[in-house]
Amino acid sequence: MNIIDLSNPTRFLNLVNRVLPWLAAATAILFAAGLYRAMGAPDDYQQGATVKIMFLHVPAAWLGMLGWTVMSVAALGTLVWRHPLADVAGKAAAPIGAAFTFICLVTGSLWGRPTWGTYWVWDARLTSVLVLFLLYLGVLALYWTAEDPGRGSRAAAVLTLVGAVNLPIIKFSVDWWNTLHQPASILRMGGSAIDPSILTPLLIMAAAFTLLFFTLHLAAMRNEILRRRVRTMRMMQAQEARA
Amino acid sequence: MNLGPHADFIVAAYALTAFVVATMVAWVVLDHSAQRRMLGDLEERGVTRRSQRSGS
């Protein structure tokens with residue numbers, strides 16, 4: 001089976017039905033390993049046990065941005081090639097990306113109170129992630145409220161591509177502006193600044209969250225394909241009843 | 001495991017994440033059953049897609 005075959009929704013559904021149980025199992029195993037290592041990780045010398053919030057906050061932040069990246073690629077597929085599966089992929093990724101961004105914002109806030117002394121500051125990193133969350137809500141509103149799904153999808157794709165400008169702003173906000181948020185400590189020149197005893201569980205949790213994202217995304221894409229079939233069949237039924 | 005003086009913040013972060021993840025999993029599972037049920041109902045009433053008609 002090649003990549004062109006997968007663009008056929010029926011073949012895509014067959015593949016998803018085969019792959020999903022394995023992906024779900026791998027996700028559960030990685031989460032079990034990640035949580036076990038996270039709970040056994042030593043306290044940070046400055047932050048104490050609150051560093052355990054990092055094992056949730058950092059992967060959620062990455063996946064909030066990954067979700068928008070997936071949607072941006074899908075938006076190109078929708079606008080340039082008008083491929084129906086691209087639109088399905090974009091629509092399915094939006095609520096999942098929004099949920100991870102929400103987790104990032106709330107866990108960040110809960111981490112900020114004991115370490116910074118405040119739940120929230122309007123600094124560049126926090127504000128740009130809040131903007132990402134609001135953009136997700138805007139895209140979801142376009143998908144869910146448009147009377148004509150085709151027009152809603154195109155409008156959502158345009159907003160997605162415009163919103164992609166925010167991704168480098170989020171990534172480099174800690175370098176471009178003075179922020180309360182710490183600078184990059186994992187993906188940076190010169191290697192990670194985190195001790196392996198904390199970095200290893202963080203990477204396992206990040207892998208678990210990433211697998212969770214793709215498991216949920218494939219499942220949501222399958223649901224969206226079925227939803228469109230139901231809609232098409234209902235329209236045909238209505239047309240036949242009229243004729 | 002001693003979570004120190006800020007245990008409430010750590011527990012709240014994990015509880016909220018577990019709740020959001022569980023909600024997402026429930027959403028995809030329940031939505032899948034709902035779509036399958038609706039497709040089944042339509043097929044029982046003899047409604048088929050064009051691709052199924054041309055294939056038969």
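The simple Förster model, with R0 at 30 Å and r as the Cβ-Cβ distance, assigns residue A:26 and residue A:162 a FRET efficiency of 0.30.
With the simple spin-label model, which puts each label point 7 Å out from Cα in the Cβ direction, the residue A:182 to residue A:199 separation comes to 1.3 nm. Taken residue by residue and averaged, Cβ atoms of other chains lying within 10 Å of the Cβ of A:223-234 number 5. Here chain A was treated as a single set of alpha-carbon atoms; its pair distances binned every 10 Å from 0 give 7, 27, 31, 22, 10, 3, 1, 0 percent. Derived scalar couplings between HN and Hα for segment A:21-36 equal x, 5, 5, 5, 5, 4, 4, 4, 5, 5, 5, 4, 5, x, 5, 4 Hz in order, rounded to whole Hz, by the Karplus curve 6.51 cos²θ - 1.76 cosθ + 1.60 (θ = phi - 60°), x for Gly and Pro. Translational D (Stokes-Einstein, µm²/s) of chain B at 20 °C and 1.002 mPa s when Rh comes from the Kirkwood sum over C-alpha pairs? Estimated via Stokes-Einstein, D reaches 141 µm²/s. Applying the Karplus relation 6.51 cos²θ - 1.76 cosθ + 1.60 with θ = phi - 60° to segment A:102-110 yields 3J(HN,Hα) values of 4, 4, 4, 5, 6, 5, x, 5, 5 Hz, where x marks Gly and Pro.
GNM on chain A, alpha-carbon springs under 10 angstrom: the most fluctuating residue among A:57, A:217, A:181 is A:181. On the basis of the beta-carbon distance and an R0 of 41 Å, residue A:237 and residue B:19 show a calculated FRET efficiency of 0.60.
Please work out the FRET efficiency for the pair residue B:2 and residue B:33, using the Cβ-Cβ distance as r and a Förster radius of 45 Å; give the result to the nearest 0.05. After rounding to 0.05, the efficiency reads 0.55. If you run the Gaussian network model on chain A, springs between alpha carbon atoms under 10 Å, then out of A:103, A:225, A:53 the most flexible one is A:53. From the P(r) of segment A:43-142, could you give the percentage of C-alpha pairs in the tail past 19 Å? For segment A:43-142, the share of Cα pairs beyond 19 Å comes to 48 percent.
Sorting A:116, A:68 from the fewest to the most surrounding beta carbons within 10 angstrom yields A:116, A:68.
For the pair residue A:69 and residue A:14 in one chain, pulling the backbone fully straight at 0.36 nm per residue adds 17.3 nm over the alpha carbon distance. Computed 3J(HN,Hα) for segment A:192-197, one whole-Hz value per residue from the Karplus formula 6.51 cos²θ - 1.76 cosθ + 1.60 where θ = phi - 60°, is 5, 9, 9, 5, x, 5, glycine and proline marked x.
Listing A:45, A:36 from fewest to most neighbouring C-beta atoms within 10 Å gives A:45, A:36.
Between the Cα long axis of helix B:7-44 and the first principal axis of chain B there is an angle of about 10°, rounded to the nearest 10. Its DSSP H runs of at least 4 residues, each contributing -39,500 (n - 2.57), put the calculated 222 nm mean residue ellipticity of the protein assembly as shown at -27000 deg cm²/dmol, to the nearest 500.
Rule-based calculations on the coordinates, nothing more; no lab input. Note that the coordinates shown come from a computational prediction; the quantities given were computed from them, not determined experimentally. Methodologically, a virtual Cβ is constructed for each residue, glycine included, from the backbone with ideal geometry; neighbour enumeration extends over all protein chains shown.
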